[in-house]
1. If you check every pair at least six apart or on different chains, which have Cβ atoms under 6 Å apart with a residue in the stretch B:257-273 that is under 10 Å from B:Tyr221 (Cα atoms) first and a residue that is part of a loop (DSSP other than H, G, I, E, B) second?
2. Of (1) away from every other protein chain (no Cβ under 14 Å); (2) outside any strand (DSSP E or B); (3) at pLDDT 95 or above, B:Leu24 satisfies all except one. Which?
3. Name the residues in the stretch B:3-26 that are over 21 Å from B:Gly39 (Cβ atoms) and of a type in the set (A, V, I, L, M), would you?
4. Go over the candidates B:Ala176, B:Ala193 one by one and state the one that is among the small types (Gly, Ala, Ser) and in contact (Cβ under 8 Å) with a residue 60 or more places away in the chain.
5. Check B:Ile31, B:Ile53 and return the single one that is more than 25 Å from A:Ala70 (Cβ to Cβ) and either modelled with pLDDT of 95 or more or β-branched (Val, Ile, Thr) (or both).
6. Kindly list the number of the only condition in (1) buried (at least 17 other Cβ atoms within 10 Å of the Cβ); (2) out of contact with any strand residue (DSSP E or B) (no Cβ under 8 Å at 6 or more places or on another chain); (3) modelled with pLDDT of 90 or more that fails for A:Ala73.
7. Select from the stretch A:6-56 the residues that are crowded, with 19+ Cβ neighbours inside 10 Å, touching a residue at least 24 places away in the same chain (Cβ under 8 Å) and within 14 Å of chain B (Cβ to nearest Cβ) and list them in ascending order.
8. Which of the residues belonging to the stretch B:84-115 are without any contact (Cβ under 8 Å) to a residue 40 or more places away in the chain, surrounded by fewer than 19 Cβ atoms within 10 Å (Cβ to Cβ) and in a loop (DSSP other than H, G, I, E, B)?
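The values are calculated or read from the model by the stated rules, or taken from the named source; none is laboratory data. What you see is a predicted model; the values in this text were computed from it and never measured. Here the Cβ is made from the backbone with ideal geometry for all residues, glycine too, and neighbour counts use every protein chain on show.
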Amino acid sequence: MKFKQSFLYQTKKMLYASLITSGVYVLLALLMLLLSHILDPEIQFNGVIIGYLVFMLVSGIVAFVNNPRAHVANGISRRTCYLAFLAMIPTVSLAVILEMAVLRLLFMDVSTELDWVLEFLMQSYQTGYLGALFLLFLLLLTINLAGFLIAGAFYRLNVIGRILLAVVGGFVLMVLLPLFVVVCPDAAAALGRFLAEFVASYGSLSVMLLLISCLCGACGYLLVRRSPIRSVKW
Amino acid sequence: MNGIEIVQLTKEYKDIRALDGVNLTIQPGKIYGLLGRNGAGKSTLLHMIANRIFPTSGEIRLDGESVFENDRVQGRIYCISEMNCYDADDKVYKIWNWVQNCYPGFSMEYANQLAGKFELNTKKKPRQLSTGYNTIFKIVTALATDADYILLDEPILGLDANHRELFYKELLANYAERPKTIIISTHIIEEIADLLEQVVIIKEGKVLLDLPIEEVRKMGYSVTGKKSEVEQYCSGRTLLGEEELGGMKTAYIQGEPGEIPAGLEAAALDLQKLFIRLTNS
C-alpha cells in the first residue's frame, strides 16, 4: 500500500493551493486597505471565510477527477488514493484554519468585517474563538467531501443522467422549495423548525456536520472505487 | 513466475463488446507485439491490465494475484497510452519526482539521460509540449520506471523517423540491461517487427493469434517473378495477397515455400502483410 506517498502528494498539492489562495487574500486585503485610504474609509475587505469554503468545495470537486487518474497511472489503487484523501482533508482543513487565523491577526485592526462568519458562529452558539474555529474546521471538512461527492455523481453519470441531475436539482432548489414555502407555509415552518433543531446547539451542529461528512465520505467511496480513468486534455 | 494471465476477459460498452472472452498468457521477460485493427480491443486490454478500467467479466492475474485495485501488483506495471494522466500544471521533472516516489526502481539519472538524447525539455509542462514530445515524455517515463511489465500503447504516436529509431534503440538497450516484459501496441507493424519475440493479434475482441515471431514468419512467404510464372506457381496454393508492377508479380502465399522453381524469388513474409490478410474481414 502506497498510502504515505499518496498522502504526501495530495497534501502537498492542497497546501500549495491553499497558500496561493491565502496570498491572494493578503493582496486583496492590502488593495482594499489602499482603496479605503484613497476613496472611502468605509471600504472593508471581508468574506475571507466564504472564500475558503468555496476553495474547499472546488478542491473536493477537482479531487475526484484528478486524484485517481494521477494515482492509477503510478500503480496506486483508487482505494489507497481515497484513504489518503480522507487523511489529507482534516490536515489541510487545519492548515486552512491556521491561515485564516494568521489573516485575522494581520488585518483585524483595519478590517473589522474580515471574518464575519466566525463572529456569527461565536455569537449564535455562545462559543469562544477556538470553539468557532472547530465548527469552521468541520464545515471545511464537510464541504470538501460534499464537493467530492457532487463531482463523483456527475463523473459517473452519463450525459442524460448529468442533465437530469442538474435540472432536477435546480428545479427542487429554485422552484419546488420556494413553491412549497408559499403553498404550504405551515408545513414549511414545521420543517424549518425540525431542521433548526439540528443546528440549534453547538453540539448538535457539530454532530450533524460530522454525520454529513461521514455520509458524503461513504457515498464518495462508492462512486470512486470502480470509476474508470479518463484522459485529460493537455 | 506465471506472468500475466488473462482469463475469459470480456468488456462491454453499452451495445459494443470491445473484448469477448479473451484468454491469454503474457510470459515474463518477453517483448510482445499486440496488434489489431482500429477498435479491435488492444487499448481496452492494456487499460484493464493497468487497472484503469474494469472488465464486465473475467479476471486478470499477475503471478496469481488480481491486478485490480492491487497496489503491490500495479507497482510492477507501468502503462502509457494516449491518455494524459498527470496534472497538466506540473512540469516534467516534477512529474518524474512523483513517479519516482511510486516506483522505487525509477532512475532520475537515466530519465535525464534519455531526455537529453531526445532533446526533451524537462522544465516544460506536458501541455506545452508537441504531440511528439508528449509521446517522448511518456516513453522516457516508462523506460525509467524499470517496472517488470511495461505496456506501451501507441508509443510512436507523433514521433519523427529519427526519434522512432532512437526509441527502438533505447528500448532494446533497456531490455538488454534488465529483461522485462514489454507489450507494444502499434499500427506501424513493420518497424517493430524486428523487436518482437511474441505476436498477439486481436480481431473483433478475440485473440486471433498468439505465437512466437519465428513461427509467425513461417506462416507464409512471398514469391516474385514474371506474372505468368508466379500465377502458375500459385495455382493450388493459398494466396494471402498479391501485387503487380509492370509484368512482374509478387504473391504472398500461406505455408512454407519448399522448392522454388527457377526464375522465381522467394522471401520471408513480412508481418504487416500477414496481419492485413488475417485481419481483413
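1. B:Ala266/B:Pro257; B:Ala266/B:Ile260
2. (2)
3. B:Ile4, B:Val7, B:Ile26 - these are the residues of the stretch B:3-26 that are over 21 Å from B:Gly39 (Cβ atoms) and of a type in the set (A, V, I, L, M).
4. Numbers: B:Ala176 fails: in contact (Cβ under 8 Å) with a residue 60 or more places away in the chain.
Result: B:Ala193 is the single residue among B:Ala176, B:Ala193 that is among the small types (Gly, Ala, Ser) and in contact (Cβ under 8 Å) with a residue 60 or more places away in the chain.
5. Details: B:Ile53 fails: more than 25 Å from A:Ala70 (Cβ to Cβ).
Going through B:Ile31, B:Ile53 in turn, the sole match is B:Ile31.
6. (2)
7. If the condition is that a residue be crowded, with 19+ Cβ neighbours inside 10 Å, touching a residue at least 24 places away in the same chain (Cβ under 8 Å) and within 14 Å of chain B (Cβ to nearest Cβ), then A:Ser6, A:Phe7, A:Tyr9, A:Gln10, A:Met14 are the ones that fit.
8. B:Ala88, B:Asp89, B:Asp90, B:Lys91, B:Pro104, B:Ser107
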